[in-house]
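The values are calculated or read from the model by the stated rules, or taken from the named source; none is laboratory data. If you're wondering where the values come from, they're calculated on a predicted model, not measured in any experiment. Glycine gets a Cβ as well: all are built from the backbone with ideal geometry, and neighbour counts include every protein chain shown.
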Amino acid sequence: MSEQYDVVIVGGGMVGLTLACALGGSTLRVAVVEAGVPESDWPQESVGLRVSAITHATRRVFSAVGAWQGMVERRITSYGEMHVWDASGDGVIHFDAADAGQPSLGYIVENRIIQAALWARADQFDNVDLLYPVRWQQWQDAGERLCITLDDGRELRTRLLVGADGARSAVRERAGIETKGWGYDQHALMAIVKTEKPHLHTCWQRFLPDGPLAFLPLHDHYCCVVWSTAPEQADELLALDKQAFALKLAESFEHRLGAVTEVRDRGKFPLRLQHAVDYVKDRIALVGDAAHAIHPLAGQGVNLGVLDAAALAETVLSTQATRRDIGALHNLRAYERWRKGQNITMMLSMDAFKRLFGTRMEPVRWARNIGLSATNNLTPVKRFFMDYAMGNRGDLPKLAS
Ligand SMILES: Cc1cc2nc3c(=O)[nH]c(=O)nc-3n(C[C@H](O)[C@H](O)[C@H](O)COP(=O)(O)OP(=O)(O)OC[C@H]3O[C@@H](n4cnc5c(N)ncnc54)[C@H](O)[C@@H]3O)c2cc1C
């Protein structure tokens, strides 16, 4: 006996759960199929290794779906300034929320906190079922629905299947949607550290010849380090004992925050640019990293995914309101048209930044240092970049407006 749904979301990560919450309280029956067991409880003093810089647009979506308060209660850190500088030259740029008349530029939040708050919120909706730990095994066309078999033997029938299952999306693969992209030959080394000097609620980023080294502010004197570098160097850094790593890190960061006084967890993640050729097929839609993966140097990946989720929810709800088929390709195309161009613009901008700062060609290095300092002195251009970084540009879904 199969269970009937309108929307089945594969992947209960940050993006899939945002979509579930955005459809919560509607007339649609929604299921989230999640392979893992989401963390909900951890010692107060522990800090999750994966964190995200959250824009104001994303914060507005989280508020609108009723999950932001749950994040605030668990722990968030707002940041009001951003300092970026070039290791090979004197180019500097400084963003201050006060220049945009805002109390903050954004927030740094542990991924597990985002996921736990969204999960708890999704669980409150009568029309949303959270199925875990379970994976889909196969699906077949069944007229106006897809029939999905889970690996615990259950069968779900749905009008729309959403792949929110991350960069290695099996939904995307099974749907035959190709990707385009390239590896960066870089790994992002992440670490939770404590610094001697206060971080001043500022995001700090130094562009080294091998890639950017960022310190993102957390509670107290803690920071999350994101160090994008060659895979061999990432391995060497991870092989250092904590004391040697702390010394190397502080030195590579010009001791801007003094000594690194404590090193907690460390880990590395391979970096690549990847973009799905299509976001939709008949009865299928992709959101978040399943549709696009981006270099983390400006911390935009999950922010794009949250806007995908809000845009898809808006498209589906308006299709449903006019009694049209929410899974039909011609109705899903509106979502693809809405999000694809904006995601490509952001991905290519980040790629261009990464290449600009990765080059060792002397004339380009000279020009980029001049460009950075010139931008720093041009208020309108700086305002444009700040608006972009805060997520206030582009055609925003209603939940983000
Ligand atoms: C080093 C680094 C730093 C980053 N920093 C930032 C940042 O500061 N700001 C930002 O916006 N973004 C950042 N990102 C990007 C961000 O982490 C991703 O964009 C985000 O995690 C994507 O969320 P998602 O929900 O689409 O996918 P995921 O987080 O990958 O979640 C996918 C979910 O699907 C589940 N799943 C997978 N397969 C199946 C299956 N077959 N069945 C059921 N469930 C399944 C998984 O268990 C998981 O819960 C960073 C990325 C990296 C690598």
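See the values below:
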| quantity | calculated |
| --- | --- |
| Test result for GLU73, of a type in the set (Asp, Glu), within 30 Å of GLU45 (Cα to Cα), surrounded by fewer than 22 Cβ atoms within 10 Å (Cβ to Cβ) and out of contact with any strand residue (DSSP E or B) (no Cβ under 8 Å at 6 or more places or on another chain) | yes |
| Hits in segment 1-24 - residues which are of a type outside the set (A, V, I, L, M) and in contact with a Gly (Cβ under 9 Å, 6 or more places away or on another chain) | ASP6, GLY11, GLY12, GLY13, GLY16, THR18, CYS21, GLY24 |
| Filter result (of a type outside the set (A, V, I, L, M, F, W, C) and within 14 Å of the ligand (Cβ to nearest atom)) within segment 56-77 | HIS56, THR58, ARG59, THR77 |
| Unmet criterion (only one of (1) within 16 Å of the ligand (Cβ to nearest atom); (2) closer than 19 Å to GLN300 by Cβ) for ALA97 | (1) |
| The lone exception for MET1 - which of (1) touching a helix residue (DSSP H, G or I) at 6+ places or on another chain (Cβ under 7 Å); (2) more than 14 Å from the ligand (Cβ to nearest atom); (3) assigned to a loop (DSSP other than H, G, I, E, B) it fails | (1) |
| Whichever residue in segment 129-171 is assigned to a loop (DSSP other than H, G, I, E, B) and away from the ligand (no atom under 14 Å from the Cβ) and, among such residues, is nearest to VAL37 (Cα to Cα) | GLY153 |
| Whichever residue in segment 141-179 is of a type in the set (Lys, Arg) and over 19 Å from the mean Cα position of the chain (by Cα) and, among such residues, is surrounded by the fewest Cβ atoms within 10 Å (Cβ to Cβ) | ARG174 |
| Residue within segment 172-193 that is within 30 Å of ARG75 (Cβ to Cβ) and more than 12 Å from the ligand (Cβ to nearest atom) present | yes |
| Segment 188-206 residues that are assigned by TED's automatic domain parsing to the domain that holds LEU257 and among the acidic types (Asp, Glu), paired with ones that are assigned to a strand (DSSP E or B) and surrounded by fewer than 18 Cβ atoms within 10 Å (Cβ to Cβ) (beta carbon under 7 Å, 6 or more apart) | GLU196/THR261 |
| Filter result (within 11 Å of the ligand (Cβ to nearest atom) and touching a His at 6+ places or on another chain (Cβ under 6 Å)) within segment 208-233 | none |
| Residues that are part of a strand (DSSP E or B) and more than 16 Å from the ligand (Cβ to nearest atom), drawn from segment 4-31 | GLN4, ASP6 |
| LEU271 vs. criteria near the ligand (Cβ under 9 Å from one of its atoms), among the hydrophobic types (A, V, I, L, M, F, W, C) and out of contact with any Asp or Glu (no Cβ under 8 Å at 6 or more places or on another chain) | yes |
| Count of residues meeting criterion [away from the ligand (no atom under 12 Å from the Cβ), over 19 Å from ALA120 (Cα atoms) and either in contact (Cβ under 8 Å) with a residue 60 or more places away in the chain or part of a helix (DSSP H, G or I) (or both)] in segment 41-55 | 1 |
| Failed item, numbered, when GLY80 is tested on (1) within 14 Å of the ligand (Cβ to nearest atom); (2) within 21 Å of the chain's Cα centre (by Cα) | (1) |
| Extreme residue, farthest from the chain's Cα centre (by Cα), among residues of segment 109-135 that are of a type in the set (Val, Ile, Thr) and either crowded, with 23+ Cβ neighbours inside 10 Å or within 17 Å of GLY305 (Cβ to Cβ) (or both) | VAL128 |
